[in-house]
Amino acid sequence: MRAAILTLSDKGSRGERIDESGPALAAWLAERGVATVQTEVIPDDCDRIVAVLTAWADADTADLILTTGGTGVSPRDVTPEATMKVVERQIPGIGELMRLRSLEKTPMASLSRALAGIRGQTLIINLPGSPKGARENLEAVWPVIGHAVEKIRGDESDCGGKFSH
């Protein structure tokens with residue numbers, strides 16, 4: 001599996017803050033044998049986010065695109081809106097599962113607007129901006145990611161029996 005990580009941070013894009021979430025996610029993925037093939041840090045700008053996500057998905061840059069940052073309720077948090085403009089099909093259960101698991105740790109998880117969806121043959125998932133939150137949210141949904149990517153990429157085998165309860 002190939003992954004790309006897009007960090008949304010006004011301060012990070014201006015060099016005023018070091019991006020820790022992108023490298024933390026890349027390290028987490030590497031531990032699971034997933035190559036990070038593209039990373040970028042850009043401002044919290046809806047049009048710019050749309051442009052990068054669209055370009056990466058349409059060029060088949062990665063099987064999985066992770067965004068980090070911009071999923072809260074601040075005025076500059078526009079990652080979900082940008083992602084909705086890009087995806088062709090949403091996968092609500094991924095965002096719901098991330099919030100459910102995060103609520104076990106903090107009530108602030110109820111403020112997350114993170115979502116997931118598909119563009120072409122690419123799965124796009126919004127993650128929080130903090131390294132800890134990004135890793136924890138990805139870990140919460142990781143058991144379904146491989147299967148989702150296989151199906152998105154055209155695997156026609158039956159789904160039954162893949163997971164045990």
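What does the charge add up to near L100, with Lys and Arg as +1, Asp and Glu as -1, over the other residues with Cβ less than 15 Å from its Cβ?
0
List every residue whose amide H lies under 5 Å from the amide H of G70, counting only residues 5 or more places away in sequence or on a different chain, with H placed 1.01 Å from N in the peptide plane.
Hits under the 5 Å cutoff: G129.
Averaging sequence separations of C-alpha pairs under 8 Å and six or more residues apart, then dividing by the length of the stretch 44-165, give the relative contact order as a whole percent.
Details: 184 pairs, mean separation 34.5, N = 122.
The normalised contact order for the stretch 44-165 reaches 28 percent.
Taking only Cα atoms and a 10 Å spring cutoff, compute GNM fluctuations for the chain and point out the largest among S74, S102, S112.
Its mean-square fluctuation being the largest, the pick is S74.
Rounded to the nearest 5, what % of DSSP beta bridges with both residues in the stretch 52-165 are antiparallel?
55
Kindly write out, for the stretch 77-83 in residue order, the coupling ³J(HN,Hα) from the Karplus curve 6.51 cos²θ - 1.76 cosθ + 1.60 (θ = phi - 60°), rounded to whole Hz, with x marking Gly and Pro.
7, 10, 4, x, 5, 5, 4
For the stretch 92-125, state which trypsin sites (Lys or Arg not before Pro) are in a DSSP loop and have at most 11 other beta carbons lying within 10 Å of their beta carbon.
Of the trypsin sites (Lys or Arg not before Pro), the ones in loops of the stretch 92-125 whose Cβ has at most 11 other Cβ atoms within 10 Å are K105.
Could you state the angle between the C-alpha long axis of helix 92-103 and the longest principal axis of the C-alpha atoms of the chain, as a value from 0 to 90 degrees rounded to the nearest 10?
Its long axis makes an angle of about 70 degrees.
Could you please report the charge total around E20, scoring K, R as +1 and D, E as -1 over all other residues with beta-carbon less than 13 angstrom from its beta-carbon?
Cβ neighbours under 13 Å give a net charge of +3.
Quick note: the coordinates plus some simple rules give every number you see, no bench work behind them. Please read these numbers as outputs of a predicted model, since none were measured by experiment. No Cβ is skipped: glycine too gets one built from the backbone with ideal geometry, and neighbour counts run over all protein chains shown.
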